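This report concerns only the one structure given below.
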Amino acid sequence: MKQSSKQNRKTSFRIGKVRGDLRGKIWYLTYHENGKRLRPKIGPDKEQARQMAARINSQLESHTHSVFNFEPVQIDDLQTRWLNHHEQVLRSSLQTIRRYRAATTHLINFIAQKGVASKTSLFQVGHAEEFVHYLRTIKVAPNGHENSQKRPLLDKGIKYILQCCRSMFGYAIKRRHLSPYAENPFSSLDLDRIPIENAKAISIFSPDQEKKFLEACDDWQFPIFLTLMLTGLRPGELTHLLLPDDLDLNAGILYVRNKPHLGWQVKTRNEREIPLIDELRDVLKITVGKRATGPVFLQRRYSLVSVRPDLNGHTENQLEATLQHRVVQEETTYGKAINRNQWMKISRTIWRDSGALKTDRIRSEFIKLTKHITLPQFTAPKSLRHLFATNLQDGDVDTLIRSELMGHSTSATNGAGHGLGMTATYTHSRPETKRRQLQKALLIRPSIIIARKRFLELTKSGLP
């Protein structure tokens with residue numbers, strides 16, 4: 001009996017709340033944390049086991065997480081949890097979630113092809129570096145279409161993928177899917193220092209090209225592209241402008257508003273107002289005519305008076321009511337509540353039936369025009385937003401007003417890398433100041449001269 005007790009003392013020890021046990025030639029520790037029994041394997045060295053037991057006991061006494069209290073998960077499962085967090089908790093836009101999924105799926109594919117660590121607890125900095133090498137060898141379709149010609153990833157794309165993976169592993173650390181004292185493997189790559197050497201250049205119209213482009217526009221295209229040039233709107237913002245609340249022609253102000261009840265929000269969620277140059281206001285008066293409701297810019301087929309959208313004349317409240325009715329019909333048909341993706345799909349039918357443009361149509365019309373005037377290098381209407389920002393810079397527009405007109409974040413809570421930080425908190429721009437500086441910046445532009453000329457032509461032609 002005494003010999004057995006002496007043998008037990010040799011094969012086990014206790015330090016506070018942690019017990020060590022020798023099983024064969026390996027030491028194991030046993031303790032309870034948050035109602036959960038943990039039994040990590042340490043190794044053959046008893047002194048190492050005692051030191052680890054002392055460390056864990058200290059962590060338990062100070063109510064901090066112990067080194068072994070975490071739940072490793074498969075990385076593809078981590079991706080699902082992270083995306084669900086953005087969907088259900090943060091309510092990120094569906095487009096943002098799709099981009100996050102596409103970016104992190106490269107990591108899932110890398111793990112499957114290379115057979116490297118598939119669990120969060122096993123993925124190390126070395127694996128992250130190997131992933132970077134992998135990204136520089138693969139080819140992708142730049143627009144995501146399967147039949148498009150593939151090309152290597154650009155530096156900007158690689159950096160975005162790595163930033164998404166870093167964010168996903170940051171989520172894993174917060175949810176204790178990594179060891180409490182493990183580093184984010186992607187943070188160690190120092191992503192902010194990765195140079196962007198082969199990014200696609202942004203092309204901006206010269207004054208002569210700007211003039212040539214606008215002169216090539218037909219009567220339907222002209223107000224669309226003139227508005228993009230003279231307001232800096234994103235194409236998606238232009239297609240979701242509604243009468244009468246988003247356009248006050250008497251005051252000469254355009255309002256960019258979130259419309260969550262109709263399934264659309266500004267990219268940054270930042271609403272803003274943009275003063276209209278007199279020449280643009282005159283053109284928009286002709287574009288809108290006698291209409292008092294519906295999208296500001298209609299599809300081309302509705303430019304004819306004899307053709308009207310299915311939801312012609314509907315107010316914003318009526319459009320919302322129609323959307324709710326269609327949602328109820330869909331749920332009744334399938335006998336269950338629809339998900340967010342299905343709701344967004346139905347909301348797009350409301351915009352379509354109200355006669356609103358699609359952003360893809362703006363891009364196709366832009367490409368058609370630039371090819372016609374032998375400027376095929378211009379393929380994105382977003383370049384008109386760059387042109388607007390450049391015009392503001394050339395016109396010495398106040399930095400804060402520039403940020404507000406562009407719809408960029410100026411909140412101090414977003415850090416120094418966003419907007420103007422604390423300057424925005426203490427600075428307030430009067431509407432008349434915005435209008436005066438915007439007028440000064442844009443009056444010399446060729447688009448203003450063309451707008452005046454086109455306005456006179458349309459007025460003489462007798463259009464409403």
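Pairs exceeding 32 Å between alpha-carbon atoms, taken from Lys211/Lys434; Lys200/Lys285; Lys211/Lys358; Lys114/Lys159; Lys285/Lys440: Lys200/Lys285.
Scanning the chain for DSSP H helices at least 24 Å long along the axis (C-alpha atoms) with a Kyte-Doolittle mean no lower than 0.0 picks out 155-174. Here the extension length gained between Ile338 and Asn258 equals 26.5 nm, from 0.36 nm per residue of separation less the Cα-Cα distance. At a probe radius of 1.4 angstrom, the accessible area of the chain per residue rounds to 55 square angstrom.
Near Arg23, once Lys and Arg are set to +1 and Asp and Glu to -1 for all other residues with Cβ below 11 Å from its Cβ, the sum equals +2. A cut-off under 11 angstrom between Cβ atoms defines the neighbours of Trp351, and their net charge, with Lys, Arg +1 and Asp, Glu -1, is +3. Of the GluC sites (Glu not before Pro) in segment 242-308, the ones in a loop by DSSP (not H, G, I, E or B) with at most 15 other beta carbons within 10 Å are Glu271. Calculated FRET efficiency, Leu90 to Asp219, Cβ-Cβ distance, R0 = 56 Å: about 0.80 to the nearest 0.05. Based on C-alpha pairs under 8 angstrom that are at least 6 apart in sequence, the chain has a relative contact order of 12 percent. Note on Leu375 and Lys440: the model spin-label points, each 7 Å out from Cα along the C-beta direction, lie 2.7 nm apart. Annotation for segment 188-277: trypsin sites (Lys or Arg not before Pro) lying in DSSP loop with at most 12 further Cβ atoms inside 10 Å of their Cβ are Lys200, Lys267, Arg269. Across the chain, the convex hull enclosing all Cα atoms gives 214 Å³ per residue. Ligands, DNA and RNA left out, the accessible area of segment 269-373 computed with a 1.4 Å probe is 48% carbon and sulfur.
Distance between the C-alpha centers of segment 233-297 and segment 431-450? Whole Å please. Each part reduced to its Cα centre gives a spacing of 18 Å. Of the residues Ala201, Asn84, Thr370, the one whose Cα sits farthest towards the positive end of the charge dipole of the chain is Asn84 (charges of +1 on Lys and Arg Cβ, -1 on Asp and Glu Cβ, taken about the Cα centre). In the calculated pair-distance distribution of segment 321-409, the portion above 19 angstrom amounts to 64 percent of the Cα-Cα pairs.
Straight-line cross-link partners of Lys336 among the lysines, defined as a Cα under 17 Å from its Cα and at least 8 positions apart when in the same chain: Lys345. Just to confirm a number: summing +1 for Lys and Arg and -1 for Asp and Glu over residues other than Asp192 whose beta-carbon lies under 11 angstrom from that of Asp192, what do you get? Overall, the nearby charge balance is +2. Counting only aspartates and glutamates at least 8 places from Lys41 when in the same chain, those with an alpha carbon closer than 13 Å to its own are Asp21. You can think of it this way: the chain between Thr315 and Ile138 has 58.8 nm of extra reach, that is 0.36 nm per residue less the Cα-Cα gap. Dipole size of segment 186-243 about its Cα centre, with +1 on Lys/Arg Cβ and -1 on Asp/Glu Cβ: approximately 80 debye, rounded to the nearest 20.
Counting only Cα atoms, the size of segment 12-171 along its three principal axes is 65, 34, 21 Å, in decreasing order. Magnitude of the charge dipole for the chain, about its Cα centre and with charges confined to Cβ atoms of Lys, Arg (+1) and Asp, Glu (-1), is about 2080 debye.
The values are calculated or read from the model by the stated rules, or taken from the named source; none is laboratory data. Since the model is a prediction, treat every value here as computed from it, not as a measurement. Virtual Cβ from ideal backbone geometry, glycine too; neighbours counted across all protein chains shown. The protein model used for the area step is the full one, side chains on, heavy atoms only, and it has no ligands, DNA or RNA in it. Shrake-Rupley method; radii C 1.70, N 1.55, O 1.52, S 1.80 Å.
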